Amino acid sequence: MTIDVVRVLWLRQLKRYGRSRARIVGSLGQPLLFLIALGFGFGPVFQRAGQGSYIQFLAPGVICMTILFTAIFNGIELIWDRQFGFLKETLVAPVSRLTIMVGRTLGGATVSLIQGVIVAAICLIAGFRPSGLAATPEAFVFMALVAVMFTAFGTAIASTMEDFQGFQLVMNFLVMPTFFLSGALFPLTNVPTLIGAIATINPLSYGVDGVRGALTGVSHFGVATDFGVLAILTLVCLVAGSYLFSRIQL
């Protein structure tokens with residue numbers, strides 16, 4: 001029964017994603033903007049600074065940005081289901097709320113991974129070249145950790161809210177700073193102390209660094225550190241998301 005419910009919720013998220021063609025196309029707009037405007041616009045400056053190809057540096061950050069935005073905004077779907085009654089129908093099923101939360105999280109994380117893979121393909125077209133095909137599974141592991149972590153985090157935030165406006169407000173104060181201060185757009189070496197400190201406590205920094213280390217061989221924190229921190233934070237977000245989801249009052 002538990003596995004069946006998880007599978008149903010997972011498939012529901014995928015079907016919802018597959019039916020929303022506008023969402024698929026719209027979610028590619030921002031990554032394309034960053035790749036074209038920043039990748040090619042700042043490329044000559046980055047190269048003159050002796051840092052090599054900016055596309056090589058930027059692509060892992062854009063991939064993680066796509067996963068971050070898609071994953072964390074899955075929380076909006078939880079608010080939508082809560083307002084229109086589907087969540088109530090789901091919660092009356094004879095399974096624990098933990099099972100329901102896991103199913104929703106896996107579905108949202110899978111959608112985020114699909115978006116990340118699509119953007120990775122676009123990065124290849126734009127000129128990004130990974131260090132080798134052997135690094136692809138390692139990069140996929142980091143992408144999966146980022147997807148699960150931020151999907152669970154979005155669920156935790158959405159579980160405490162009842163309207164879209166509140167969720168949007170919180171996300172605007174969290175998502176954009178999380179992305180811009182993660183080292184996705186600039187190297188973390190020789191940055192001001194404050195920026196470096198914020199990046200060190202920023203969960204996305206380790207995701208970006210892990211994907212970059214896997215695909216390009218260049219890592220700031222170290223791949224082992226990236227994996228360890230992401231694994232712990234993913235577990236923390238799952239526990240927090242499960243707890244807050246279990247306390248939803250309908």
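List of remarks:
- In summary, residue 93 fulfils each of the numbered conditions (1) surrounded by fewer than 19 Cβ atoms within 10 Å (Cβ to Cβ); (2) modelled with pLDDT under 85; (3) in a helix (DSSP H, G or I); (4) aliphatic (A, V, I, L, M) with the single exception of condition (3).
- Residues of the stretch 125-163 that are without any contact (Cβ under 8 Å) to a residue 60 or more places away in the chain and of a type in the set (A, V, I, L, M): 125, 133, 134, 144.
- Every residue from the stretch 199-250 that is part of a helix (DSSP H, G or I), touching a Leu at 6+ places or on another chain (Cβ under 7 Å) and crowded, with 17+ Cβ neighbours inside 10 Å: 199, 203, 204, 206, 207, 210, 230, 234, 242
- For the stretch 176-186, filtered to residues that are surrounded by 14 or more Cβ atoms within 10 Å (Cβ to Cβ) and not β-branched (Val, Ile, Thr), the residue that is nearest to residue 38 (Cα to Cα) is 185.
- When residue 173 is tested against the conditions (1) out of contact with any Cys (no Cβ under 7 Å at 6 or more places or on another chain); (2) surrounded by 16 or more Cβ atoms within 10 Å (Cβ to Cβ); (3) outside any loop (DSSP other than H, G, I, E, B), the lone failure is (2).
- Members of the stretch 27-44 found to be over 12 Å from residue 55 (Cα atoms) and either without any contact (Cβ under 8 Å) to a residue 12 or more places away in the chain or not in a helix (DSSP H, G or I) (or both), listed by number: 27, 28, 29, 33
- In the set 100, 63, 55, only one residue is at pLDDT 85 or above and out of contact with any Phe, Trp or Tyr (no Cβ under 6 Å at 6 or more places or on another chain); that residue is 63.
- Residue in the stretch 141-162 that is surrounded by the most Cβ atoms within 10 Å (Cβ to Cβ), counting only those that are β-branched (Val, Ile, Thr) and in a helix (DSSP H, G or I): 151
- Residue 68 closer than 24 Å to residue 207 by Cβ and either free of Cβ contacts under 8 Å to residues at least 40 places away in the same chain or over 20 Å from the mean Cα position of the chain (by Cα) (or both): no
- Within the stretch 105-140, the set of residues being closer than 16 Å to residue 209 by Cβ and surrounded by 19 or more Cβ atoms within 10 Å (Cβ to Cβ) comprises 116, 130, 139.
- Members of the stretch 67-76 that are surrounded by fewer than 24 Cβ atoms within 10 Å (Cβ to Cβ) and either part of a helix (DSSP H, G or I) or among the basic types (Lys, Arg) (or both): 69, 76
- Of all the listed residues (105, 136), the sole one being hydroxyl-bearing (Ser, Thr, Tyr), under 21 Å from the mean Cα position of the chain (by Cα) and within 21 Å of residue 75 (Cβ to Cβ) is 105.
- One residue stands out among those in the stretch 178-232 that are farther than 14 Å from residue 57 by Cα and among the polar types (S, T, N, Q): the one that is modelled with the lowest pLDDT, which is 190.
The values are calculated or read from the model by the stated rules, or taken from the named source; none is laboratory data. Bear in mind the structure is a predicted one, so any value in this text is a computation, not a measurement. Note that we place each Cβ from the backbone using ideal geometry, even for glycine, and neighbour counts take in every protein chain shown.
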